[in-house]
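Nothing in this text is a laboratory measurement; each read-out follows from the coordinates by a stated rule. Since this is a predicted model, take the numbers as computed values, not measurements. Positions of Cβ are generated from backbone atoms using ideal geometry, with glycine treated the same way; all protein chains shown enter the neighbour counts.
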There are 2 protein chains.
Amino acid sequence: MPAHDFDVIVVGGGAGGVAAAVRAAQLGGRVAVVEDKFLGGLCMNRGCVPFGQMLTASHLVGSIALGREMGVECSGVTTNLSALLKRQNELVGFMRQGVQGLLSKNRITLVRGKGRLSGRGRVAIGEDLFSAGKIILATGSEWVDPEFVEGNLPGVINSDSLLTAKTLPKKCFLFGNGPRLVEIAQFLQRFGSEVVFAFPEAALLHEENKPIRSRLEAALQAQGITLLPRTEIHQVRIKENLLEILLRSKDREERLLVDRLVTVKRKACLEDLGIESVGLDSSAEFLEVNERMETRIEGLYAIGDLCAPENRHYSHFASSGGIVAAQNAMGARTAFNHRTAVRVAYTQPQVACVGMTSREAKEAGYEVAEGSAPLSMNPLGMILAQSEGLVQIVADRKYGEILGVNFIGEAASEMAGMGVLAIQMEATLEELAKAVLPHPTLGESLVEAARDALGRAIYLP
Amino acid sequence: MPAHDFDVIVVGGGAGGVAAAVRAAQLGGRVAVVEDKFLGGLCMNRGCVPFGQMLTASHLVGSIALGREMGVECSGVTTNLSALLKRQNELVGFMRQGVQGLLSKNRITLVRGKGRLSGRGRVAIGEDLFSAGKIILATGSEWVDPEFVEGNLPGVINSDSLLTAKTLPKKCFLFGNGPRLVEIAQFLQRFGSEVVFAFPEAALLHEENKPIRSRLEAALQAQGITLLPRTEIHQVRIKENLLEILLRSKDREERLLVDRLVTVKRKACLEDLGIESVGLDSSAEFLEVNERMETRIEGLYAIGDLCAPENRHYSHFASSGGIVAAQNAMGARTAFNHRTAVRVAYTQPQVACVGMTSREAKEAGYEVAEGSAPLSMNPLGMILAQSEGLVQIVADRKYGEILGVNFIGEAASEMAGMGVLAIQMEATLEELAKAVLPHPTLGESLVEAARDALGRAIYLP
């Protein structure tokens, strides 16, 4: 008779939990997934997938101007929010069924309910208690109420509200920073809202390299989005069915009347997870894990948003971390490779930054060599009018090892894959410089950027 | 006094010649480029760049249907050929100036005229004779008259005619095979022509892996292009201002009346190049070179279409070969990496095949492991309605080394860069399987295909 009900219990059926469960089952484990809401988690139900579609739609709106330059003329362009949301609901419904199918195919037990840790190796779900050799916590993140409003002020919303909206607000105020909010800004603007976007920092995506973030800011402003850097909210109140927002920056105050205020701050779902039962601190910002996704409690793993600061809340970290956790739980010894971390904004232009920024590389003690190639000098870039596009490489000057690769422009998120492989495979500038990429592609600029870092760009003026 | 007029003379100022000249100059060479027509060659003037734009425009036409599904509605869509060609002329003019600037910046002498080899180390241009330590031949390829018509039959055209057309033919017959003709088929169809496309082989892109080429054929047919495999032209004649074409396949004859017949057959420009003066055969199909781009004559290199069969006429082989030739000419010892060769069709869906096909890998003696992941199971693929998309990997079963990677779908040509790096860096299936690519991207399916080849796909049903 087995000592435990399951070899592995995964608490949370989102992007991380599902990947962990499938991998553990592939390795022969008897696996359970505990989920009280929708399978697929934030990513599939309220994040990457619906917003991926919204950004695709807004990308198409943005492409109409380029088409006109090329003789493809569309008259009478309109945007229809309900058609967009209808397709989104169908898509998400189809994907949820897919996840259900994956669990069945891999003989994974789906337990409906909210899972709470109940001491080492035990998970309580309602009145039931299950035991497992290993437990993987994957409960993700949750919304944080904005600090600047007391209680619930109608009109102050997060991105969930956009997924069920009947119409979009006429004038929107966005407050915060990070790729998700930048994406929302562009979607709202392209679908007809007037957008004012304020952030406390000096720049959007302030942690990324300057050439990337300045080009993004310039592009968004050119598209008609108002950006207010170094700005704080002093007060929000209701005024004639609108929100009156009092903004303060160093040298001025501003008063805005808007229909909606959008923020998207999130934090790890640590409360009510029962981790005190094994001596872990549920008031922490997130759960600390090592590169094997182990908490400091033996046999207890954590993955995804639950074990990451907000700027590392990405579905691909969750699913990859899930696979690493599952492999370790089933007796292998594998590690998560943090060196290839990709941060993405699915805007037009897209932004994708892989590995270390220049600052991080310097702080890590590297003597840094940088190279870049603008997409405005790339033949396909010229065709696609990529005036704000750029590929930028951060490398170690001594051995030429690639440390970071940054992309802004069309297909940046797909090109980022080359950056991931280059860093993962420990490619050098010399190796990238001799890669033979197809012509004409935007990716060719990665090779040119590597040559630029070596002081021998071929096509740069 | 220097022994020669130049260290390196490059005969031909196309994609290959320009890259070779710049690289040789970077390495300290006194360099001349000989060109009698336009700088930039076929690629920039009549190939990749103008057709890159035409395909981008036809891609936008194709995206309008997806937009409609997502609530982005255009009430009227028209295509305007003259606007397209106007932008193309501006773009090509701008790029030609850019090449001129590159030559000046690198202090490269541009000699206007037709260069002919005149014995070892000598190039004749008109009445002038120049000497050089090394010579790089880069004269590219030229049109081959179709075998099935005697002399010049009006209405039988190649792709050059499309670049100056006032209007597009109402009904077009395309004959031949290969990515360029597939691209032309889609452009014509999207811009309003009726297209019938016949080829002698059993399949379009018949040398590529079956799952890729069958999906391409299915997509093109669904878009309204008529494909006639295993078909030969028996006769072409003028009939009432149209072309009457008599087609024959194994079991039937067919008669078509069309406005234009398009073929795009090309061969290396070996004639009138003076290579007999050093004992080389100008009647060969192309000039043979080793992996250092050296002909069998010391100090004489050849690059690009001049040294390749037609199915290897790609601008990126020319420019990369040019850099390799220049480095060797200037005393380095570098080799062209044929293992990462990419073949691309910029259609919608795009096709990009890197490295070995399954058949080539088997013929090379590998025990082959294959894995694939359809884009219809990829979250972004679902959003983008990539029902015909696929990523397919060919690997060596024993060590898991990646030998080939094939993509069909949106952004295939950009994703191909990952295939190039994987093969160049000698990545294994295990290494690809643990790459952490951003979500949602189509590129994620490369990782899933690697897992599939290892028998452990996570998300495939």
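A few notes on this one:
- Over chain B, DSSP H runs of length four or greater, each weighted -39,500 (n - 2.57), average out per residue to a 222 nm ellipticity of -10000 deg cm²/dmol.
- Cα-derived Rg over Rh, computed across chain A with Rh taken as Kirkwood radius: 0.99
- The phi torsions of segment A:251-260, fed into the Karplus equation with coefficients 6.51, -1.76 and 1.60 and a -60° offset, translate into couplings of 10, 7, 10, 9, 10, 10, 10, 9, 7, 9 Hz, rounded to whole numbers, with Gly and Pro shown as x.
- ³J(HN,Hα), Karplus 6.51/-1.76/1.60, whole Hz, each residue of segment B:316-328, x for Gly, Pro: 5, 6, 5, 5, 5, x, x, 5, 4, 4, 5, 5, 5
- Label zone at residue B:68, where the point sits 7 Å out along the Cα-to-Cβ direction: segment A:64-108 residues whose backbone N lies under 16 Å: A:73-80, A:83-84, A:87
- Residue A:214 versus residue B:291: modelled label distance in nm, points set 7 Å from Cα along the beta carbon direction: 4.4 nm
- Relative contact order computed over segment B:378-461 (Cα-Cα under 8 Å; 6+ residues apart), in percent: 29 percent
- Rough spin-label spacing in nm, given labels placed 7 Å along Cα→Cβ, for residue A:168 and residue B:234: 5.9 nm
- Straight-line cross-link partners of residue A:171 among the aspartates and glutamates, defined as a Cα under 13 Å from its Cα and at least 8 positions apart when in the same chain: A:194, A:244, A:259.
- Too-long pairs where the Cα-Cα distance tops 22 Å, listed order kept, from B:37/B:267; A:170/A:239; A:398/A:434; B:210/B:434: B:210/B:434
- Put simply, segment A:93-139 fits an ellipsoid with semi-axes of 24, 12, 10 Å; these come from the alpha carbon gyration tensor as the roots of five times its eigenvalues, largest first.
- In a reduced charge model with +1 at each Lys and Arg Cβ and -1 at each Asp and Glu Cβ, segment A:340-453 shows a dipole moment near 80 debye about its Cα centre.
- Here's the list of aspartates and glutamates a cross-link from residue A:134 could span, going by alpha-carbon distance under 18 Å and ignoring same-chain residues fewer than 8 apart: A:5, A:7, A:35, A:276, A:288, A:291, A:294, A:298.
- Inter-copy spacing of residue A:387 label points, which lie 7 Å from Cα along Cα→Cβ, given in nm from shortest upward: 3.9
- The GluC sites (Glu not before Pro) of segment B:194-226 that meet both conditions, a loop assignment by DSSP and at most 16 other Cβ atoms within 10 Å of the site Cβ, are B:201, B:207.
- For residue A:296, inter-copy label distances in nm, listed shortest first [label point 7 Å out on the Cα-Cβ vector]: 7.4
- Segment residue A:144-residue A:364, length gained on full extension (0.36 nm per residue, minus Cα span): 76.0 nm
- For a label point 7 Å along the Cα-to-beta-carbon line of residue B:109, residues of segment B:124-139 with backbone N under 15 Å: B:124-136
- Difference of contour (0.36 nm per residue) and Cα-Cα distance, residue B:128 to residue B:221: 28.0 nm
- Share, in percent, of DSSP beta bridges within chain A that are antiparallel, nearest 5: 60 percent
- Inter-chain shielding of B:418-427 (mean C-beta neighbours from other protein chains, 10 Å cut-off): 6
- nm² value of the averaged projected area, convex hull over the Cα atoms of segment A:340-453: 6.1 nm²
- 45 Å tail of the calculated P(r), the protein assembly as shown, as % of Cα pairs: 32 percent
- Residue exposure sequence - A:59, B:313, B:338 - by fewest surrounding Cβ within 10 Å: B:338, A:59, B:313
- For peptide A:48-55, the mean count of partner chain Cβ atoms within 10 Å of a residue's Cβ comes to 5.
- A:396, B:305, B:160 arranged by Cβ crowding within 10 Å, fewest neighbours leading: B:160, A:396, B:305
- Filtered trypsin sites (Lys or Arg not before Pro), segment B:110-196: DSSP coil and at most 11 other beta carbons within 10 Å: B:166
- Gap separating the Cα centres of segment A:218-234 and segment B:285-355, nearest whole Å: 48 Å
- Sequence-ordered 3J(HN,Hα) estimates for segment A:412-420 from the Karplus curve with 6.51, -1.76 and 1.60 and θ = phi - 60° stand at 3, 5, 6, 5, 4, x, 5, x, 4 Hz, glycine and proline given as x.
- Ordering B:191, A:197, B:6 by the number of other Cβ atoms within 10 Å of each residue's own Cβ, fewest first, gives B:191, B:6, A:197.
- Taking a straight line from the alpha carbon of residue B:86, these aspartates and glutamates sit under 13 Å away, with near neighbours fewer than eight places off in the same chain left out: A:69.
- Dipole magnitude (debye, nearest 20) for the protein assembly as shown, charges at Cβ of Lys, Arg, Asp, Glu: 720 debye
- Modelled spin labels at residue B:387 and residue B:78, positioned 7 Å past Cα toward Cβ, are 3.1 nm from each other.
- Applying a DSSP loop filter and a limit of 12 other Cβ atoms within 10 Å to the trypsin sites (Lys or Arg not before Pro) in segment A:260-340 leaves A:296, A:333.
- In this assembly of identical copies, the label point of residue A:65 (Cα plus 7 Å along Cα-to-Cβ) is separated from its counterparts by 2.8 nm, sorted shortest first.
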